[in-house]
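Structure record follows, encoded as structure tokens.
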Amino acid sequence: MEALLTSFGIVFLAELGDKTQFLSLYLAATYRNPLPVLGGIFVATLASNILAGLFGHWIGEYLTPGILRWTLTLSFVAFAIWALLPERRNDARSSKLIGQRGAFWGTLVSFSIAELGDKTQIVTAALSARFNGLTMVIIGATVGMMLANLPAVIGGHYFAGRVPSRIANYIAAVIFAVQAVLTFLGIEKF
């Protein structure tokens, strides 16, 4: 039980104000369908926490901080560019497809990339090494991340209909560009 509660508390606090909360907000506003976004976040978070728990030491040996920094920097540049691309909604069929499948897969891929080498992934690996309860660490870390990102998804969905999409996209692009610069410089939060 200690592993579960410690993992939950530490990961929840580490996730507050993290780049993935901004990503959650943006994805919810973009797709305007919170359930597939939450599903994508959950699967990406669970996969990230399982990998962190099982392969924490391996990741530390093979992925140097420099490689992680460049990967994340380029990912945030890509997210910034993606936010500026015009939305393509040609017909009802393509909008329905985006709402049903695209939101989940887009969130899954985006969130997985953003979590690569993130502090919550590193914390989860460290906690799994400390406690003899890998399953409890993974559950605690996953619940902590989900509860921290839930308000961002709800907020993104709420503001999606109230803020013009072009303005939201410009704001998101600026946030991702700033995050890319901060990641490149080695600054975790702003």
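Odds and ends about this structure:
- Label zone at residue 154, where the point sits 7 Å out along the Cα-to-Cβ direction: the stretch 22-53 residues whose backbone N lies under 19 Å: 22-42
- Spin-label pair residue 78-residue 135: with each label point 7 Å from Cα along the Cα-Cβ axis, the two points sit 3.5 nm from one another.
- Computed E for residue 70/residue 126 - FRET, C-beta separation, R0 22 angstrom, nearest 0.05: 0.45
Read-outs throughout are calculated quantities, based only on the coordinates presented, and are distinct from any laboratory measurement. Note that the structure is a prediction, hence the values are computed from the model and not measured. Neighbour counts are summed over all protein chains in view; Cβ atoms, including those assigned to glycine, are modelled from backbone coordinates with ideal geometry.
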